[in-house]
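Below: the structure, in structure tokens.
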Amino acid sequence: MLKAVTLKEIERIFAVIEPMGISREAVVIPLRTGHPGRVSILKDGKLEIVVERDGDFEDWITQLEARIRELTKPETD
């Protein structure tokens with residue numbers, strides 16, 4: 001169980017988002033974890049990444065890029 005997000009986890013998240021072309025300034029990472037972990041777009045357009053509290057961080061981080069891509073993909077008609 002991960003109770004708080006540390007610099008170690010934040011750096012791992014940055015390693016996922018930066019190759020995707022997402023700026024660190026465009027992301028909000030709360031220091032409290034949550035269950036379930038989630039990725040959402042805030043009203044101001046920033047990407048909020050809440051780290052999973054109860055699962056394994058390594059498993060969660062491997063799915064992060066796919067979750068972001070799913071959330072940010074353009075809608076097709």
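Can you tell me which residue among M1, M20 is closer than 17 Å to I68 by Cβ, surrounded by fewer than 16 Cβ atoms within 10 Å (Cβ to Cβ) and touching a residue at least 40 places away in the same chain (Cβ under 8 Å)?
M20
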* **Condition check for I10: without any contact (Cβ under 8 Å) to a residue 40 or more places away in the chain, under 12 Å from the mean Cα position of the chain (by Cα), in a strand (DSSP E or B) and surrounded by 15 or more Cβ atoms within 10 Å (Cβ to Cβ)** => no
* **the stretch 23-77: number of residues that are surrounded by 13 or more Cβ atoms within 10 Å (Cβ to Cβ) and of a type in the set (K, R)** => 4
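Okay, residues lined up against (1) modelled with pLDDT of 95 or more; (2) touching a His at 6+ places or on another chain (Cβ under 9 Å); (3) part of a strand (DSSP E or B):
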position: P36; (1), (2), (3): no, no, no
position: S40; (1), (2), (3): yes, no, yes
position: D44; (1), (2), (3): yes, no, no
position: G55; (1), (2), (3): no, yes, no
position: L64; (1), (2), (3): yes, no, no
position: R67; (1), (2), (3): yes, no, no
position: L71; (1), (2), (3): no, no, no
position: P74; (1), (2), (3): no, no, no
position: D77; (1), (2), (3): no, no, no
* Inside the stretch 42-61, can you point out the residues that are in contact with a strand residue (DSSP E or B) (Cβ under 6 Å, 6 or more places away or on another chain) and over 15 Å from I10 (Cα atoms)? -> L42, K46
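The values are calculated or read from the model by the stated rules, or taken from the named source; none is laboratory data. None of the values given here were measured: they were computed from a predicted structure. Neighbour counts are summed over all protein chains in view; Cβ atoms, including those assigned to glycine, are modelled from backbone coordinates with ideal geometry.
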